[in-house]
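Worksheet: one structure, shown below.
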Amino acid sequence: MCLPFCVPGGIQNHGKAIAASKGYSIGKARWIRDEMNYSVIGIENVDLEWQRFQKAIESAKEELSLLKQKMETKLTDSELQIFNAHLFLLEDCAILDEVKEKLLEEKVNAEAIIDSVMDNYSAVLDAMDDEYMKQRASDLQDVKKLILKKLLRTGSVHHEIPDEPVILIAEDLTPSQTVSISTDVVTGFLTMIGGQSSHSAVLARSLQIPAAVGGGSKLLEIQDGDEVMLDGATGEFWVNPNDTERSLFMEKKRKYQLELQELEAFREKPAITKDGTRVELACNIGHPKHVDPVLAAGIDGIGLFRTEFLFMDRDDFPTEEEQFLAYKEVLEKMQGKPVIIRTLDIGGDKSLPYFPIEEMNPFLGYRAIRICLDIPELFKTQLRALYRASLFGKLKIMLPMISTVEEVLQTRAMTDEVREEVNAGPVPVGIMVETPSAAIMIDHLADYVDFFSIGSNDLTQYTMAADRMNEKVSYLSDPLHPSVLRIIHTIIQAAHEKGKWVGMCGEMAGDERAIPILYAMGLDEFSMSAGQVLPAKKQLSNLTKQDSLLLLDEVLKARTWEEVLQKIEYALKNR
């Protein structure tokens with residue numbers, strides 16, 4: 001039987017998978033096969049087998065923790081949550097209890113038990129009509145592989161890589177395998193399963209490794225040692241290419257390298273438009289260790305410092321002193337550049353093991369400022385640390401998930417009380433605008449806050465009533481929908497009428513499609529990931545206010561998302 005990219009007499013050398021991470025790579029194919037063979041063996045001493053299983057769990061946890069620590073300066077806070085999710089599964093009481101129970105009942109080796117337990121849980125989740133739950137099934141399989149490797153003593157999830165450029169090929173890569181890739185010799189990877197939002201794809205983009213996923217069974221035709229060329233931007237790959245194909249590919253790669261070099265020229269330059277307007281660019285960070293890498297991108301400040309990292313991977317809430325030292329470190333490193341620190345934003349998709357929250361709809365429930373106002377001492381501890389740290393830099397405090405004026409009034413009463421308590425000077429206090437209710441009330445909220453920062457991710461989610469974690473409704477998660485663009489325009493206009501500054505710290509701020517529109521709207525600060533800064537500077541250098549205003553006028557007239565995209569595409573091609 002001939003597979004999709006084979007022809008009679010041999011393999012056809014061109015195929016296509018799902019584009020996952022941009023870049024061009026060429027190297028010898030190297031298969032990564034997770035062959036964890038074991039036999040089902042009866043056991044007599046259940047206690048000893050349980051102890052062996054627990055040692056495997058502890059070894060797996062230690063490995064994941066070390067990998068997470070290693071990647072803290074390279075991955076964003078949300079990307080590091082992948083490791084938190086896997087660590088959580090390794091401590092899941094339901095899974096551990098079921099393994100122990102089955103050991104007692106079946107009296108077979110731990111390999112057989114954990115394989116069965118994890119597969120059962122995965123099957124239930126995978127059968128659900130929900131992409132988020134399907135991804136959790138993938139998490140279970142990743143964790144199962146790691147536990148089995150520990151039980152079988154096949155070493156860590158790392159693999160020996162030859163001393164020559166290779167392209168890894170696998171059914172899938174676990175997060176641990178992905179971040180363990182040595183980019184000195186691994187030039188890219190191809191997987192049989194996965195999608196653009198799968199862990200391997202997300203991490204490949206962060207680590208800037210060319211990758212394509214979801215290639216299916218056709219990848220089985222590739223043999224170890226075959227020469228493979230991979231275009232991560234389109235998902236195309238070639239096996240044992242001919243001279244013409246290689247020549248065309250290398251020309252694409254050359255042009256891409258030139259583009260990257262052109263971007264480097266913007267590193268030491270401020271963001272200035274074609275007609276001479278200076279634009280403020282900042283970065284989002286989730287840990288003090290992220291400051292040095294983002295400073296290297298040539299930024300004007302920190303537009304969002306997520307403080308959740310201080311509260312995670314521990315057994316209790318952090319002390320005031322622990323928080324103070326972290327905030328002080330960031331402010332000192334920024335050397336007088338503004339730093340917007342967001343107060344605790346747990347709940348939703350961010351949970352703490354020592355502060356469990358179980359709700360039917362956590363994104364609309366007990367989270368962020370609602371928790372802080374409900375537990376004043378928890379909030380005041382953070383505020384005291386922030387005001388004490390304010391002596392060491394240009395601090396701004398930002399409140400998440402504000403829905404009402406009453407919440408701001410309650411918070412301002414607390415900030416005033418704490419500031420007097422620690423004898424600190426005034427610090428600007430602003431809010432994230434991420435709920436439609438806050439957007440509608442901007443003119444009144446402006447009377448009580450010093451600045452606004454638009455959280456485009458949640459604002460889009462709540463405006464469109466579409467869970468951004470659910471791929472079934474992903475078509476509603478683009479902030480370029482006309483309704484979202486209109487609400488953002490309204491926010492900026494209303495805030496400026498009250499003389500208040502407006503930034504944006506959601507993913508939209510670094511989106512090439514959105515930057516001309518946001519610039520025309522008068523956004524005061526664009527805060528993005530470090531990797532988006534140089535492309536944003538380059539794009540802004542080609543923009544004029546007049547052209548951007550013309551595009552804004554067109555997109556605000558659009559009735560559909562498709563119309564908006566068409567107008568942006570036309571403008572970008574013809575600028």
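Before moving on, here are some points about what is shown:
This table checks each residue for (1) under 30 Å from PHE309 (Cβ atoms); (2) part of a helix (DSSP H, G or I).
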position	(1), (2)
ASN37	no, no
PHE53	no, yes
GLU62	yes, yes
ILE82	yes, yes
LEU104	no, yes
MET128	no, no
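- Matching residues, the stretch 165-203, being within 17 Å of ASP139 (Cα to Cα) and among the hydrophobic types (A, V, I, L, M, F, W, C): ALA170, LEU173, VAL179, MET192, ILE193, ALA201, VAL202, LEU203
- Of the helices (runs of 4 or more DSSP H) that lie entirely inside the stretch 184-301, those containing 3 or more residues that are outside the structural domain of ILE454 (by TED's automatic domain parsing) and either at pLDDT 90 or above or closer than 23 Å to LYS68 by Cβ (or both) span 199-207, 243-264.
- Residue check, THR343 assigned by TED's automatic domain parsing to the domain that holds THR460 and either closer than 26 Å to LEU281 by Cα or of a type in the set (Phe, Trp, Tyr) (or both): yes
- Residue selection: ILE568 satisfies the criterion of being assigned to a helix (DSSP H, G or I), under 27 Å from SER197 (Cβ atoms) and of a type outside the set (Gly, Ala, Ser).
- Listed by first and then second residue, the pairs with beta-carbon distance under 7 Å, at least 6 apart or on different chains, first residue in the stretch 328-355 and touching a residue at least 12 places away in the same chain (Cβ under 8 Å) and exposed (fewer than 15 other Cβ atoms within 10 Å of the Cβ), second charged (D, E, K, R) and outside any loop (DSSP other than H, G, I, E, B), are GLY336/LYS394.
- When the stretch 465-486 is limited to residues that are aliphatic (A, V, I, L, M) and at pLDDT 95 or above, the one that is surrounded by the fewest Cβ atoms within 10 Å (Cβ to Cβ) turns out to be LEU480.
- Residues that are under 23 Å from the mean Cα position of the chain (by Cα) and either aliphatic (A, V, I, L, M) or assigned to a loop (DSSP other than H, G, I, E, B) (or both) occur at least once in the stretch 486-501.
- Residue tally, condition more than 16 Å from the chain's Cα centre (by Cα) and farther than 17 Å from GLU525 by Cβ, over the stretch 291-311: 6
- Only strands (runs of 3 or more DSSP E) whose full extent lies in the stretch 386-456 are considered here, and the ones with at least 2 residues that are out of contact with any Ser or Thr (no Cβ under 8 Å at 6 or more places or on another chain) are 394-399, 451-454.
- LEU523 touching a Phe, Trp or Tyr at 6+ places or on another chain (Cβ under 8 Å), assigned by TED's automatic domain parsing to the domain that holds ILE568 and part of a loop (DSSP other than H, G, I, E, B): no
- In the set (1) at pLDDT 85 or above; (2) buried (at least 19 other Cβ atoms within 10 Å of the Cβ); (3) aliphatic (A, V, I, L, M); (4) in contact with an Asp or Glu (Cβ under 8 Å, 6 or more places away or on another chain), the condition left unmet by LEU152 is number (2).
- Test: residue in the stretch 272-292 that is within 30 Å of LEU325 (Cα to Cα) and among the β-branched types (Val, Ile, Thr): yes
- Test: residue in the stretch 538-552 that is under 28 Å from GLY365 (Cβ atoms), surrounded by fewer than 22 Cβ atoms within 10 Å (Cβ to Cβ) and of a type in the set (Ser, Thr, Tyr): no
- Residue within the stretch 439-449 that is under 26 Å from the mean Cα position of the chain (by Cα), in the same structural domain as ARG342 (by TED's automatic domain parsing) and under 26 Å from PRO362 (Cα atoms) present: yes
- Enumeration of residues in the stretch 553-566 that are within 29 Å of the chain's Cα centre (by Cα) and surrounded by 19 or more Cβ atoms within 10 Å (Cβ to Cβ): VAL555, VAL564
- Within the stretch 553-570, the set of residues being over 18 Å from LEU476 (Cα atoms) and among the acidic types (Asp, Glu) comprises ASP553, GLU554, GLU569.
The values are calculated or read from the model by the stated rules, or taken from the named source; none is laboratory data. It should be emphasised that the depicted structure is a prediction, and the values quoted were computed from it without experimental measurement. All Cβ positions, even for glycine, are placed from backbone atoms using ideal geometry, and neighbour counts span all protein chains on display.
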